[in-house]
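The values are calculated or read from the model by the stated rules, or taken from the named source; none is laboratory data. Fair warning: this is a prediction, and the values are worked out from it, not measured in the lab. No Cβ is skipped: glycine too gets one built from the backbone with ideal geometry, and neighbour counts run over all protein chains shown.
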Amino acid sequence: MTSQPQLTPHQALVLKTLLRLKVPSSAYGLLDQLREQGVRAPQQVYRALDKLIEYGLVHRLDSLNAYVACTHPHPHTHGLAAFAICGHCGQAEEIASEAVTKQLKSWSRSHAFKLESATIEMRGTCAHCSSR
C-alpha cells in the first residue's frame with residue numbers, strides 16, 4: 001500500500017467534483033463544472049484525470065468515455081475494477097469482488113496471459129430504476 005499522494009489544486013478540484021457527482025462524467029462535463037473555479041482548458045482536466053487514474057483515485061469507463069471516483073478506501077492498489085452501470089439513470093457502482101479477481105488471475109495463469117489490469121463494465125438496471 002502506498003500513501004495518499006499530494007494533489008495539485010486542479011487534481012483536487014477534479015476529484016472533489018467526481019466524488020460529488022452521482023453519475024460518471026466526461027472530461028468536458030467536468031470542465032463545464034469547473035470553469036468558475038479557474039479551470040479553463042480541456043488539457044487541464046485531462047492532465048488532472050491522468051494523474052488521478054495513475055494514483056488509483058479515479059477510473060475511466062471506456063464504454064461511456066467518462067470518469068468516476070474510486071469508491072474503495074485509499075491507499076490501495078488496483079488491478080481489477082468492475083462496474084455495474086444503469087442504462088436508465090446512468091449511475092455506475094464500483095464492485096469489489098475477490099472471487100472475480102481470483103478467477104481472472106487463474107484464467108490468465110492457465111493461458112500464459114500476463115494480466116496487468118482489467119476493467120469490467122456491466123450494463124443493466126439498478127434497483128432504484130427497477131422499482132419505478
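Tabulated data for the structure shown
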quantity: Search result, residues across region 54-68 that are within 9 Å of the chain's Cα centre (by Cα) and charged (D, E, K, R); calculated: Arg60
quantity: Complete set of residues in region 79-121 that are among the basic types (Lys, Arg) and either in a loop (DSSP other than H, G, I, E, B) or exposed (fewer than 14 other Cβ atoms within 10 Å of the Cβ) (or both); calculated: Lys102, Arg109, Lys114
quantity: Identity of the residue in region 9-53, of a type in the set (Val, Ile, Thr) and part of a helix (DSSP H, G or I), that ends up farthest from the chain's Cα centre (by Cα); calculated: Val45
quantity: Qualifying residue in region 93-105 (condition: more than 12 Å from the chain's Cα centre (by Cα), of a type in the set (Ser, Thr, Tyr) and under 20 Å from Cys126 (Cα atoms)); calculated: yes
quantity: Residue check, Val68 among the hydrophobic types (A, V, I, L, M, F, W, C), modelled with pLDDT of 95 or more and within 26 Å of Ser26 (Cβ to Cβ); calculated: yes
quantity: All positions within region 54-74 that are assigned to a loop (DSSP other than H, G, I, E, B) and among the hydrophobic types (A, V, I, L, M, F, W, C); calculated: Leu57, Cys70
